[in-house]
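The values are calculated or read from the model by the stated rules, or taken from the named source; none is laboratory data. In this text, all values refer to a predicted model and were calculated from it rather than measured experimentally. Glycine also receives a Cβ, built like all others from the backbone with ideal geometry; neighbour counts cover every protein chain displayed.
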Amino acid sequence: MYWKPQEGPQLAACTCPCDVIFFGGTRGGGKSDTILGRQIRGAEQYGERWNGLIIRKKFKDFKEFRRRIDELIHAGLPAIRVGGEQQTNTVKFGNGASFIFTAIGHIEITDDFIGHQYTEIDIDEAPNFHFIGPMIDKLKGSMRSVHGIPCQMILTGNPGGPGASQVKLMFMQDAQGNKKVPGQIYVNDEGETTIFIKSTLDDNKILCEGDPKYVQRLRSIKDPMLRRAWLEGDWDVFIGQAFDFYENVHVVKDPVWPIPDFAPLYCTFDWGFGKPFSVGWWWVDNDNRVYRFNEWYGWNGEVPDVGMRITDSVIAQGMIEREVKMGFRDSGTKQLFKHRQITYLCDPTSFNKKPDYKGGGQGRSTYEEFNDFGIQFRPGDANRELKIRQFRERLTIPGDGSDPMMMVYPACKHFIRTIPSLCVDDYNPEDVDTDQEDHVYDESCHICMARPVNYDPDISKADIERKQKEKQASELDNISKAAWREHAEIVEGLEEDLAMRKEMVEDFLQNLIDL
């Protein structure tokens, strides 16, 4: 035997019969080695009938995999590894078995696996994939064996990453937000079994004995959130997050209900069909503090970041039904009560004409569809650089002990789930990564822009224009940069000259008036 699992969670992850397994927790828990060991054991047991697949997000992430498999081959494993550093690698065994490890950087790449069949699919560091939910769904179609080999999917990962909230929703809590028990098998309506097996550094005896200072190095990490995630495997902390959102601070402990009469009411909307739509209801207190008291998240209830695929008219009727239940509309006429008027905000693109069956973009817009049901949207301000500032301003925790300017009711589970896991864009730190599950964020920003706090529009717009120019200049070659600087100096000189001349004219006119 060339690889043997350690007693504890690693052995459990190797022998578990569940269809989909998530093996995750602290750093150094032996997770990546586990999926490599599973592939080796499967190859030894089933021979040429075994065809495995290991996935990571980038090819460079396989550096340790290549080193480890080469180490085992050098120790006598009857296999060869074929492939370079930036390409798919295949591990071929003398008995005809094989497995490959490849990178999937975009959800579209999963289409390349249509027609393939794998006995086991392993996704290493699953929370790093912002499209982990849809990816799992698509890859399940490639899990099959004509030889009767039990097919399984194994995921590994640590807390943090753009897909962490989706992983939590699939393996650590149900659709209602109730926590699942680690080590317990759950069965869905289709009979598929899933389990979360928690790994810890203490369970990896080989690493702890071979490198006893590794735990000490993890404990010396200065960032408390990073230390909790990597050392304790705490899935309630978020690493690299775009917003400081904390349930114990931003979630209302004793929600006010019913909403005070004549309090300003808002409803914000982010359109979605294949992706989830998001609707949020808000009320505003006398201090301009906004409270998100209800929401409707249009996901399919099974796969994170996949929409319900319902039409605008159905969404509009669903919003009205919910507002009737909340006491804002008459149950008979469906009209809003006079003391419960709501301001509806949506993305400006909802006013765009949609293609009709003939094409040409002359179909009815989302705004028109909702207007038929008495919901009159106003276009929200969709400026991405300004709205992230306003969102952060509202989440800021005051130093005087008062509540932040944005509070959330416990019922808004998808706000609480998705907002903390959002990460900033790798290429633009002034925005979130738009490939994430950011629908609740986009929708919520409408009220932040409609009721801004600590906001000077002239300064903000000038600052954005300056940053945009600097970004454009940074992408030029050296000769073009020199020309751009010279042009900027000329423009600056002309603006100063114009301002001086304007001042001279104003002085001259004032003198004429005085005469």
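At-a-glance table
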{"item": "Pick from segment 63-121, criterion surrounded by fewer than 12 Cβ atoms within 10 Å (Cβ to Cβ) and among the acidic types (Asp, Glu), ranking: farthest from the chain's Cα centre (by Cα)", "result": "GLU71"}
{"item": "Of all residues making up segment 226-281, the number that are of a type outside the set (A, V, I, L, M, F, W, C), within 21 Å of GLN173 (Cα to Cα) and modelled with pLDDT under 90", "result": "9"}
{"item": "Matching residues, segment 24-44, being touching a Cys at 6+ places or on another chain (Cβ under 9 Å) and either within 21 Å of ILE149 (Cα to Cα) or buried (at least 24 other Cβ atoms within 10 Å of the Cβ) (or both)", "result": "THR34, GLY37, ARG38, ARG41"}
{"item": "Segment 58-117, residues that are within 27 Å of THR434 (Cα to Cα) and β-branched (Val, Ile, Thr)", "result": "THR102, ILE104, ILE107, ILE109, THR110, ILE114"}
{"item": "Any pair with Cβ under 9 angstrom, 6 or more apart, that starts in segment 365-388 at a residue that is at positive phi and in the same structural domain as PHE328 (by TED's automatic domain parsing) and ends at one that is of a type in the set (Val, Ile, Thr) and part of a helix (DSSP H, G or I)", "result": "GLY374/ILE320"}
{"item": "Number of the exception - PRO159 against (1) in contact with a helix residue (DSSP H, G or I) (Cβ under 6 Å, 6 or more places away or on another chain); (2) outside any loop (DSSP other than H, G, I, E, B); (3) under 28 Å from SER421 (Cα atoms); (4) of a type outside the set (Gly, Ala, Ser)", "result": "(2)"}
{"item": "Residues of segment 303-330 that turn out to be acidic (Asp, Glu) and either surrounded by 16 or more Cβ atoms within 10 Å (Cβ to Cβ) or in contact (Cβ under 8 Å) with a residue 24 or more places away in the chain (or both), as a count", "result": "3"}
{"item": "Some residue of segment 325-335 being out of contact with any Pro (no Cβ under 7 Å at 6 or more places or on another chain), not β-branched (Val, Ile, Thr) and not in a loop (DSSP other than H, G, I, E, B)", "result": "yes"}
{"item": "Pair list, Cβ < 9 Å and 6+ apart or interchain, from segment 83-111 residues that are touching a residue at least 60 places away in the same chain (Cβ under 8 Å) to residues that are β-branched (Val, Ile, Thr) and surrounded by fewer than 19 Cβ atoms within 10 Å (Cβ to Cβ)", "result": "PHE99/THR90"}
{"item": "Any hit, segment 92-105, residues being part of a strand (DSSP E or B), under 25 Å from MET170 (Cα atoms) and touching a Phe, Trp or Tyr at 6+ places or on another chain (Cβ under 6 Å)", "result": "yes"}
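So that you can scan it fast, the table gives a plain yes or no per residue for (1) surrounded by 15 or more Cβ atoms within 10 Å (Cβ to Cβ); (2) under 29 Å from GLY105 (Cβ atoms):
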| site | (1), (2) |
| --- | --- |
| GLY161 | yes, yes |
| VAL181 | no, no |
| GLU190 | no, no |
| THR200 | yes, no |
| VAL215 | yes, no |
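Residue by residue, here is whether (1) farther than 14 Å from ASP442 by Cα; (2) in contact with a helix residue (DSSP H, G or I) (Cβ under 9 Å, 6 or more places away or on another chain) holds:
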| position | (1), (2) |
| --- | --- |
| GLY332 | yes, no |
| SER350 | no, yes |
| PHE370 | yes, yes |
| PHE373 | yes, yes |
| PHE377 | yes, yes |
| ARG389 | no, yes |
| SER402 | yes, no |
| MET405 | yes, yes |
| PHE415 | no, yes |
